[in-house]
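One structure is given below, encoded as structure tokens.
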Amino acid sequence: MPRPQPIPPGPGQESVWDYPRPPRLERTARTVELWLGGVKIAETTGAFRVLETSHPPTYYLPREAFRPGVLTPAPGGSVCEWKGEASYWTLSAGGKVAEGAGWSYERPTPAFREIAGYVAVYAGRMDECRVDGVRVTPQPGGFYGGWITPDVVGPFKGEPGTWGW
């Protein structure tokens, strides 16, 4: 399948087609907030972003950014060729339970050691996720966990017809 035509970024925007492969890890001071069951369950200015070609950024939050009792281990796991073995988390708040909606790398590969124990979540499984006060759109398709904000342009992996990218 041919490479898709990237959308040219405007002022203050990034193209996911300028992100590297293998992915890059970068710290961000942007305010990241999560809501579930009508409750703000996490907030931090100490997250990391993972940036990979064709994917919107995935945000990893320090575990202490989450309200006590929100995270419980979930069954299952997976392997990322870049980051290593993932563990899954169930998030609960305000009477709502999102089974396996978060994941972390407890012992990541050396290139991603800084996110050991940090937790990422599927934005589509939360009530709402925000970056600097802007509501996030979940990466299409349900398989990947990227967060789309107005400052990131695609097209994005996960949309129909993108499995061959």
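The values are calculated or read from the model by the stated rules, or taken from the named source; none is laboratory data. Since this is a predicted model, take the numbers as computed values, not measurements. Note: ideal-geometry Cβ built from the backbone for every residue, glycine included; neighbour counts use all protein chains shown. Heads up: the accessible areas ignore ligands, DNA and RNA and are worked out on the full protein's heavy atoms, side chains in. Shrake-Rupley method; radii C 1.70, N 1.55, O 1.52, S 1.80 Å.
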Item to check | All strands (runs of 3 or more DSSP E) inside the stretch 1-92 with 2 or more residues being touching a residue at least 24 places away in the same chain (Cβ under 8 Å) and open to solvent by 60 Å² or more (accessible area, probe 1.4 Å) | outcome: 24-28, 71-80
Next on the checklist: If a residue must be within 16 Å of Gly102 (Cα to Cα) and among the hydrophobic types (A, V, I, L, M, F, W, C), how many such residues does the stretch 137-165 contain?
Outcome noted: 2
Checklist entry - Only one residue in Trp103, Trp165 is in contact with a strand residue (DSSP E or B) (Cβ under 8 Å, 6 or more places away or on another chain), hydrophobic (A, V, I, L, M, F, W, C) and not in a strand (DSSP E or B). Which one? => result Trp165
Item to check | Residue count, the stretch 130-144 (criterion: modelled with pLDDT under 95 and either among the hydrophobic types (A, V, I, L, M, F, W, C) or under 16 Å from Leu61 (Cα atoms) (or both)) | outcome: 1
Checklist entry - So which residues in the stretch 109-156 are within 14 Å of the chain's Cα centre (by Cα) and basic (Lys, Arg)? => result Arg125, Arg130, Arg135
